[in-house]
Amino acid sequence: MRRWGRELLINALAWGIGLAWIVPFLGILMSALRPQSELIHGWWQFSSFTISLDNFVKAWNHPTAPMSQGICNSLLVVIPSTILPLFIGAMAAYAMLRFPFPLRDPLFLVIVLLMAIPQQMVAVPLFRFLRDLGLINHYAGLILVHTAWALPWVTLFLRNYFSTLPREIEEAASLDGASRFQIFTRIVLPLSLPGLASAAALQLTWAWNDFFMALILIYDPEKLVATQRIPLLRGQYHIDWGVLTAASILTMSVPILVFALLQRYYIRGLIGWTLK
Amino acid sequence: MDQFLPVLKAAEEKLGVKIQYRIYRAEDLSQVLPPQFEAKQAPGDVIFMWEWWVRENKDHAVDLTDLWQKEANQFVLQPTTVDGRVYAVPYVLWVKPGFWYKKSFFQKHNLQPPTTWEEFLALLDKISAIPGIKKAIITGDGVGWPVGDIVEHFLITFGGPELQQNLIAGKVRFTDPQVRSIFAERLVPLLGKYFSDPVEWTQAIDLWWNEEYGLFFMGNWLTGMVKDPNDLGVFTLPGARGVVGGTDWAFIPKYSENVEAAKQLIAFMISKEGMEVRAKQGGKLASRKDISPDVYPPADRALAEALAKVEQPTVPDLDDAVGGDWQRLFWDQMKLLWVRPQALDSVLRQLDAKFPTK
Amino acid sequence: MRLHRVRWERIRRWGAFLAFTAPALALISLLIVLPAMQTVALSFTDKRGAFVGLRNFIEVLSDSDTLNLTGFPPGPPPWGSLVHNAVWIPLHLPLTVGLGLILAVLLERARGATFLKSVIFLGMVTPMIVGGVIIRFLFDENAGVVTAIMRAVGLTALGRSWTAYPETALPALILGSVWLWAGFSMILYSAGLATIPRDYYEAAAVDGAGPLQQFWYITVPSLRPVTMVIVAMTILWELKIFDIVYTATLGGPGGATMVLALQMYFYAFRALEFPRAAAVATMLSLFTLIVGLWFVRTLRSSE
């Protein structure tokens, strides 16, 4: 009986917070679905209620900034920008943790410090450097930049995450004659699925939502990514909030979907199971 | 945007070139262009930017003096010149004429546009007393320029266009007694009583159209944004000899790959034919003197006729002309003044302190 | 013979270390370190490139945009960007970290967890341009949920637009930022929770520990490494906060929400004073040095 009550409490709390959390988002949803004049006193006014998907259609097919193209482009940029730093960062994180190397800690400190640098400030030197490499207006340039910027925090997080994995498994494999690389790929990585899934979801989201780097490095109209197109939907003076919010919802849909899909990798007790 | 595309279509047909139109906000462009110009690249062949920005970046702009000379006399505005060479040309005008009202609303409540300051105050009182009205005037906001516009209108009305020019040139300070008295005696007393808190201005349009507020100070592009432009009426503050008006400045970056075509496009846009196409769409006024008012849609026509009485319809916008970071500061301080009128002196001091020294 | 083997072994290990870390180091050096150093160098020069020592830093610090303690406290903002960032941290950090942890724990066991987690995560996927707009409208007098609730419970002073008034603008942004960022700590904690073996809890239950005690003595300590990452990254986010301030208040009203990153942006792209902007960026990085040092030290002591 007590257990039943506790479960109820947990669910009530969780759903309560969840519903409160979604309120701001409902505002955007209403703005995308209903005409602005209905919403001037709050989206919870239902005295007049008209719904239409017009805004979504307009955003999708917009003459100067179609979201359809924007989303494709964003995918092209974001998927490599997630896989690359995850893999490279995982290798570096593992090395930081398991290899006794004299400069390891200072090196690690430097990596942490790098997370502090605001993007705005390195824009001009970065732009010049990529221009010299001929990577301006190429997705490769943007991907490399995203990768580089992701590496500090990914390395940091994965290093800490790996540190929670019990060493016995790795040591056993090492005694069995496995090389470092084999241990890394066959044991550590699979065990770290929840951590990797989290990092992937976050990195994908951040790369997806990036506006500033894309603004500086990509300017062909066909190549613009989704986030760059949202401000373009504004007129010089006129702001069509309906289309803007619809475009934002379209943009938000991809990372949320990815996140929901990655949820199944949060398998608890994977560690305990392998220990047995 | 919909109002500009027909011009491009006409240009495409006439010149036989394909034209792409992209909208960037000026703020974003101000970030994107410097590194691109450094790399000798440009995202467009014809770019519209703030005048002060083109001036500062003239080394990256194509000399348009010849293009301009052909049409120079037809314009009410001067182009952007540095050392005698033209770097940016004006296009169509926007003006910030004054307070807009719904003619039907005024008729319903027996109200008249004011011809004296006292009538203005009386009007505000009458509107405030109408049931359903929250405040007489709704204050638009955004990044802040709508609030700044109201302030400039007061400054020009009570100090004349000369005052605005002097403020821009830095010859008169904001803490000057004349300036301070305009704020203290004309604007500040109205703030809490008749002006609402700053509200996102596109939202403000809806609230005002819904008759929760009586008056709305806005630029003339408002005509393209309301359900029934024919219901629009506008009046300047009584006694105003000038209103802020300006234009978008077009320049051609040196790194464009189609400089000749770009020149042809600009020439078309500023020609009588090109400008008439634009005027027909409404929302902006032609900067050429030889465009007749009949070309405009009704709401803009009424505006054009009303402006005929104002001596100077193209007083430079204060914050646009000064530019730089001061522009943002000005907007920000005005927003503060609106909710904290007692901070007037510190606001004026800040405006002086951060004013760019030439 | 033995000496040779030892040296070879050493070289192999170094080799392995380098092989694992080389790609990361290369990318980071070229695309972050190099531009960053150029920025730091820039902060010591004037507009024409001449070396001016600490002048930019002094000018920035004596600007009232940065430091304005005349009213602080109990006067309302503006207090200067340094102070605003500093105030942001103690308000934002506990809320974000705490909420994230509670949510992660709750959602482990609740029904429909994927849906709920996705809802919380919505804040993270919101493009920041939109995030600022959401905050502005949340706290807007006419269309805002928060203000409507405030009026409903009688707190009419808080029923005005929060972002129009200097006293309430900063709190609005901070609260909005919590909404946006809590999903981050939740998702990392969720991953961390997955690594705690179930046996620990079972053993504790057998020993008679209740759920709260299990939480306090097992969950929280086991999550320490993850907590440290979350804290470090959240503080860095707080120091760098830009997008939502830009779209919600543009630093106003009257500079009441000016933060360091925004100030740097204005120096660079509005006032076109790149050396000053670089000085602010360098200062910002200096603060993270402190965070970073603390972080590495606690890491070292916990191992």
Can you tell me which residue is modelled with the lowest pLDDT among those in the range B:119-142 that are within 14 Å of another protein chain (Cβ to nearest Cβ) and not in a strand (DSSP E or B)? B:Gly142
Residues satisfying the stated conditions in the range A:162-196, i.e. in contact (Cβ under 8 Å) with a residue 60 or more places away in the chain, more than 7 Å from chain C (Cβ to nearest Cβ) and farther than 16 Å from A:Phe99 by Cβ: A:Pro166, A:Glu168, A:Ile169, A:Leu189, A:Leu191, A:Ser192, A:Leu193, A:Leu196
If a residue has to be within 15 Å of B:Leu64 (Cβ to Cβ) and surrounded by 20 or more Cβ atoms within 10 Å (Cβ to Cβ) to count, how many in the range B:257-286 make the cut? 5
First in the range C:220-237 and farther than 14 Å from C:Met186 by Cα, second anywhere and surrounded by fewer than 18 Cβ atoms within 10 Å (Cβ to Cβ) and at pLDDT 85 or above, Cβ under 8 Å, 6 or more apart: C:Ile235/C:Ile89
Mind checking which residues of the range B:190-243 are of a type in the set (Gly, Ala, Ser) and either within 14 Å of another protein chain (Cβ to nearest Cβ) or in contact with a strand residue (DSSP E or B) (Cβ under 8 Å, 6 or more places away or on another chain) (or both)? B:Gly192, B:Ser196, B:Ala204, B:Gly214, B:Gly219, B:Gly224, B:Gly233, B:Ala240, B:Gly242
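Just to confirm my filter: which helices (runs of 4 or more DSSP H) fall fully inside the range C:49-148 and include at least 1 residues that are within 30 Å of A:Trp43 (Cα to Cα) and facing chain A (nearest Cβ under 9 Å)? Spell out how you get there, then give the answer.
Numbers: elements: C:55-62, C:81-109, C:113-125, C:128-138.
In the range C:49-148, C:81-109, C:113-125, C:128-138 are the helices (runs of 4 or more DSSP H) which contain 1 or more residues that are within 30 Å of A:Trp43 (Cα to Cα) and facing chain A (nearest Cβ under 9 Å).
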More than 11 Å from chain A (Cβ to nearest Cβ), surrounded by fewer than 24 Cβ atoms within 10 Å (Cβ to Cβ) and of a type in the set (Lys, Arg): which single residue out of C:Arg160, C:Arg198 fits that description? C:Arg160
Qualifying residue in the range B:59-77 (condition: surrounded by 14 or more Cβ atoms within 10 Å (Cβ to Cβ), part of a loop (DSSP other than H, G, I, E, B), away from chain A (no Cβ under 13 Å) and under 17 Å from the mean Cα position of the chain (by Cα)): yes
If we keep just the residues of the range B:108-137 that are touching a Leu at 6+ places or on another chain (Cβ under 6 Å) and hydrophobic (A, V, I, L, M, F, W, C), which is nearest to C:Thr247 (Cα to Cα)? B:Ile137
Please verify whether the range B:25-46 includes one or more residues that are surrounded by fewer than 21 Cβ atoms within 10 Å (Cβ to Cβ), of a type in the set (Phe, Trp, Tyr) and touching a strand residue (DSSP E or B) at 6+ places or on another chain (Cβ under 9 Å). yes
Exactly one condition in (1) part of a helix (DSSP H, G or I); (2) within 11 Å of chain C (Cβ to nearest Cβ); (3) surrounded by fewer than 23 Cβ atoms within 10 Å (Cβ to Cβ); (4) not basic (Lys, Arg) is not met by A:Ala90; state its number. (3)
Meets criteria (small (Gly, Ala, Ser), crowded, with 21+ Cβ neighbours inside 10 Å and not in a helix (DSSP H, G or I)) for B:Gly245: yes
Quick check on my filter: what residues within the range C:125-142 are modelled with pLDDT of 80 or more and in contact with a Pro (Cβ under 7 Å, 6 or more places away or on another chain)? C:Val125, C:Ile134, C:Leu138
Tell me which of these C:Gly154 doesn't satisfy, since it passes every other one: (1) surrounded by fewer than 24 Cβ atoms within 10 Å (Cβ to Cβ); (2) within 7 Å of another protein chain (Cβ to nearest Cβ); (3) part of a loop (DSSP other than H, G, I, E, B). (2)
Which listed residue is within 13 Å of another protein chain (Cβ to nearest Cβ) and either buried (at least 22 other Cβ atoms within 10 Å of the Cβ) or under 26 Å from B:Gly239 (Cα atoms) (or both), from B:Pro293, B:Pro341, B:Pro316, B:Pro298: B:Pro341
Give just the number: which of (1) part of a loop (DSSP other than H, G, I, E, B); (2) at pLDDT below 85 does B:Asp294 not satisfy? (1)
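State whether the residues of the range A:33-48 include one that is more than 14 Å from chain B (Cβ to nearest Cβ), farther than 21 Å from C:Arg136 by Cβ and touching a Pro at 6+ places or on another chain (Cβ under 9 Å).
no
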Failed item in (1) surrounded by fewer than 21 Cβ atoms within 10 Å (Cβ to Cβ); (2) within 14 Å of chain B (Cβ to nearest Cβ), with C:Trp216 passing the rest: (2)
Would you mind finding the one in C:Thr257, C:Thr282 that is within 14 Å of chain B (Cβ to nearest Cβ), in contact with a helix residue (DSSP H, G or I) (Cβ under 9 Å, 6 or more places away or on another chain) and surrounded by 22 or more Cβ atoms within 10 Å (Cβ to Cβ)? C:Thr257
Starting from residues that are within 15 Å of the chain's Cα centre (by Cα) and not in a loop (DSSP other than H, G, I, E, B), keep the ones in the range C:241-263 and report whichever is modelled with the lowest pLDDT. C:Asp243
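The values are calculated or read from the model by the stated rules, or taken from the named source; none is laboratory data. Nothing here was measured: the structure is a model prediction, and the numbers come from that model. With ideal geometry, Cβ positions are generated from the backbone for all residues, glycine too; neighbour counts draw on all protein chains shown.
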